[in-house]
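Right, one structure below, let's go through it.
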């Protein structure tokens with residue numbers, strides 16, 4: 001666990017359920033940059049479907065929100081309950097701190113399961129370089 005925490009800190013992820021996927025498993029990162037609840041519901045459905053089809057223990061899932069999409073990670077958003085369910089199922093829900101500053105959002109305003117990355121776009125670039133499948137919602 002300490003090794004994973006050190007690796008997460010080095011990758012710029014604070015408090016996420018991330019790390020290297022086990023052999024024979026899958027890694028996917030979903031990007032959501034819209035504040036459209038319908039797109040968020042679709043993304044959360046797709047995450048659930050991927051975990052159901054591939055096996056929750058076989059797929060490592062991250063959702064990265066930036067730009068206007070950051071608003072949907074607020075504690076009072078329409079999808080806050082589903083975010084908590086996704087996190088309980090092992091999905092890392094990541095907020096871009098650059099976007100949070102731009103929209104003047106504090107961590108205290110965000111939903112409980114949210115973790116943070118300094119730059120959502122840079123995180124997506126890193127994950128793709130690490131072999132993650134990339135899905136834009």
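The numbers here are math on the coordinates, done by the rules we state, and not lab data. Worth saying up front: this structure is predicted, and the values here are computed from it rather than measured. Every residue, glycine as well, gets a Cβ built from its backbone with ideal geometry; the counts of neighbours run over all protein chains shown.
When peptides 95-107, 66-78 are sorted by average Cβ neighbour count within 10 Å, with the highest value leading, the order is 66-78, 95-107. Extending 7 Å from the Cα toward the beta-carbon at both residue 57 and residue 71 defines two label points whose distance is 4.1 nm.
Taking 7 Å steps out from each Cα toward its Cβ at residue 45 and residue 108 produces label points 3.7 nm apart. Remark on segment 71-112: hydrodynamic radius 10.6 angstrom, per the Kirkwood mean of 1/r across alpha carbon pairs.
Report the full-extension gain for the segment residue 122 to residue 88: residue separation times 0.36 nm, less the Cα-Cα distance, to one decimal in nm. Please report the intermediate quantities before stating the final value.
Numbers: separation 34, 0.36 × 34 = 12.24 nm, distance 2.55 nm.
Extra length available between residue 122 and residue 88 comes to 9.7 nm.
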